[in-house]
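Contents: one structure, followed by commentary.
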Amino acid sequence: MALLGLSAALLMVSVGQARPEKDFTGNEMAKAPEKWKARTNPLEHDPEAVTAGQKLFGMHCAECHGQNAEGTHRAPTMRSSDVQEATPGAIFWVLTNGIVWHGMPVWSKLPEPMRWQLVAYVKSLGLTSKDLH
């Protein structure tokens, strides 16, 4: 019986530590209203938007999401298929409204062009070298 209890405890610890980053972003993006999901990034074809977004990410997002957006125990990766397959408008909606109950602040006071720069950077994380040529 004691062995069973120890096994269960070890299983709980190993499962809890198997993937430290939270996995809720994709679900939140799916909640974006259709009119937001349909929005396109006005800076989508601006190469400077990705660079500016990367700087903003470093200043505002990296503390939780990781310096390279790889995710941490505090916040999910921005490189997941859920995030990369989300529309720019859905990402913008999450940035604007935050995910407060999971600790992500509301960024609605960040000027809209800066939020679109962040979206451009996040979406650039899914580009392959083939996409860049």
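For a test of the definition: using alpha carbon positions, the gyration tensor, and the 1.5 limit on a/c, classify region 42-94 as rounded, prolate or oblate.
Oblate, since a/c reaches 1.5 and b/c is not below a/b.
Within region 61-109, list the GluC sites (Glu not before Pro) lying in a DSSP loop whose Cβ has at most 15 other Cβ atoms in a 10 Å radius.
Of the GluC sites (Glu not before Pro), the ones in loops of region 61-109 whose Cβ has at most 15 other Cβ atoms within 10 Å are GLU70, GLU85.
For MET104, list long-range residues whose amide hydrogen, built 1.01 Å from N in the peptide plane, is under 5 Å from its own amide hydrogen.
ILE99
At ALA30 and LYS55, where each label point lies 7 Å from the Cα along Cα→Cβ, what is the point-to-point distance in nanometres?
Roughly 3.7 nm, to one decimal.
Report the full-extension gain for the segment ASN97 to GLU70: residue separation times 0.36 nm, less the Cα-Cα distance, to one decimal in nm. Don't jump to the answer; show the numbers that get you there.
Values: separation 27, 0.36 × 27 = 9.72 nm, distance 2.17 nm.
Separation in residues times 0.36 nm, less the Cα-Cα distance, equals 7.6 nm.
Laboratory data are not the source of any read-out in this text; all were calculated from the coordinates shown. Nothing here was measured: the structure is a model prediction, and the numbers come from that model. Cβ coordinates were reconstructed from backbone atoms using ideal geometry, including for glycine residues, and neighbour counts include every protein chain displayed.
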